[in-house]
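The values are calculated or read from the model by the stated rules, or taken from the named source; none is laboratory data. If you're wondering where the values come from, they're calculated on a predicted model, not measured in any experiment. Heads up, the Cβs are rebuilt from the backbone with ideal geometry, glycines too, and the neighbour counts pull from every protein chain shown.
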């Protein structure tokens, strides 16, 4: 069991991961605490899926020096909009973000997406019939949910949240799961790999269940997102060259499958060829 200490205010950590290679040739990687994708604290620090991809890229992009900065995701987006020359592993490409950022080919996938409820409430939600997020947000709007600020999950889901915004938002994944555990929320929309992780982290394995719903999307591909500047386009071109070599390998497949529940592995493996073919 991993016990993580809370962050006191904004934590900014700069750590060079290798010697400087050339003047001005630097990549600042932004991270925040979002297990099991990014882990910034505890014994499992830097072992998340995106952490391992970032470490692979820094090892291959030897012409750059590398640093990491821990900042909230809303600040990542705000800074990229102003042209800050940062990169982030795990961005979802959207039309709005393409206005200020440039994206690599996919590096991993978010899949499958579920309506997550307290295990004690499973029968209550199953009694609603085939679950629909639209139905929960409209016909059952008294049920409380929350969404991460500025997050993009999948087009159909994002559109529903824009049309029927939840009564509250959160800025950290663990906060939302604690609220669900303490009955301050009735459900979350979350990827199943996060569900088992946070249940264990909170000392309550099996506390949550993930239920399929009508708008649950096909795999959503995560990418490296960099500033939409000439510098960012150059960095992404180099990243894409590395990914073309690395993604077909068994070692890279192990990264993508890390932290996946056994029950989800057949689904993930079934779409891996689609993942490789995507650009």
Original post:
Only one of 89, 117 is outside the structural domain of residue 257 (by TED's automatic domain parsing), under 29 Å from residue 199 (Cβ atoms), touching a strand residue (DSSP E or B) at 6+ places or on another chain (Cβ under 8 Å) and not in a helix (DSSP H, G or I); which?
Top reply: 117
**OP:** Considering (1) part of a loop (DSSP other than H, G, I, E, B); (2) modelled with pLDDT under 95; (3) under 20 Å from the mean Cα position of the chain (by Cα), say which one residue 74 fails and leave the rest.
**Re:** (1)
Subject >> Single residue of 137, 143 found to be in a helix (DSSP H, G or I) and in contact (Cβ under 8 Å) with a residue 24 or more places away in the chain >> reply: 137
Subject >> residue 203, sole failed condition from (1) at negative phi; (2) in contact (Cβ under 8 Å) with a residue 40 or more places away in the chain >> reply: (1)
Original post:
If you scan the range 44-68, which residues turn out to be within 20 Å of the chain's Cα centre (by Cα) and part of a loop (DSSP other than H, G, I, E, B)?
Top reply: 44, 45, 46, 47, 48
Original post:
Name the residues in the range 144-188 that are in contact with a helix residue (DSSP H, G or I) (Cβ under 6 Å, 6 or more places away or on another chain) and within 29 Å of residue 205 (Cβ to Cβ), would you?
Top reply: 146, 147, 149, 170, 177, 185, 188
Original post:
Within the group 11, 40, which residue is at pLDDT 90 or above, over 18 Å from residue 254 (Cα atoms) and in a loop (DSSP other than H, G, I, E, B)?
Top reply: 40
Subject >> Residues being within 19 Å of residue 158 (Cα to Cα) and under 17 Å from the mean Cα position of the chain (by Cα) - total across the range 77-100 >> reply: 7
